[in-house]
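Worksheet: the structure to be examined is printed underneath.
The values are calculated or read from the model by the stated rules, or taken from the named source; none is laboratory data. Only a predicted model underlies this, so the values are computations on that prediction, with no experimental measurement involved. Note: ideal-geometry Cβ built from the backbone for every residue, glycine included; neighbour counts use all protein chains shown.
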Amino acid sequence: MKTQNFLTAILIAVLIYFVFTGAKEKSAASDIDTIHTKKFELIDDKGKIRASILVEESGETMFRLKDSKGEIRVKPGASENGSGLLLLNCNTEPGIQALAEDKTTSITITDAAGKTQIIQP
């Protein structure tokens, strides 16, 4: 009987310990200020990747937003030469492409028929 009481007391002590240390870890996890990773993917309820942020082997930083079918629809990017933004239409063809590079800045607008207009300063 003494052994059973002793084991019960130890079990209760261990449970109390885990309750309090688990609560501390949970509150510490909610105070995260910075996350370091090489690639970040956001998935929907079906497990499909809907957004990603990554650094390509070339050093270019890419952020991609995808529709429910997994097609890229928005693609901003940044590199040492400047930055760009690509908005794709329903056929995943460029609709608007904005570039701000080292020596040139432009916006290219393409309609559904493939006609383009380039705007430059």
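Computed quantities for the displayed model
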read-out: Criterion violated by Met62 - all others in (1) without any contact (Cβ under 8 Å) to a residue 24 or more places away in the chain; (2) loosely packed, with under 10 Cβ neighbours inside 10 Å; (3) more than 23 Å from Pro121 (Cα to Cα) satisfied; value: (2)
read-out: Residue check, Ile49 surrounded by 14 or more Cβ atoms within 10 Å (Cβ to Cβ) and of a type outside the set (Asp, Glu); value: no
read-out: Scope the range 75-95; condition surrounded by 14 or more Cβ atoms within 10 Å (Cβ to Cβ) and at pLDDT 90 or above; matching residues; value: Lys75, Pro76, Gly82, Ser83, Gly84, Leu85, Leu86, Leu87, Leu88, Pro94, Gly95
read-out: Members of the range 58-101 that are closer than 25 Å to Lys48 by Cβ and of a type in the set (Asp, Glu); value: Glu60, Asp67, Glu71, Glu93
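Each row is one residue, and each column tells you yes or no for (1) assigned to a strand (DSSP E or B); (2) within 25 Å of Gln117 (Cα to Cα); (3) not assigned by TED's automatic domain parsing to the domain that holds Gly114.
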site: Lys46; (1), (2), (3): no, no, no
site: Ala51; (1), (2), (3): yes, no, no
site: Leu54; (1), (2), (3): yes, no, no
site: Gly59; (1), (2), (3): no, no, no
site: Pro76; (1), (2), (3): yes, yes, no
site: Ser83; (1), (2), (3): yes, yes, no
site: Cys90; (1), (2), (3): no, yes, no
site: Ile96; (1), (2), (3): yes, yes, no
site: Ala100; (1), (2), (3): yes, yes, no
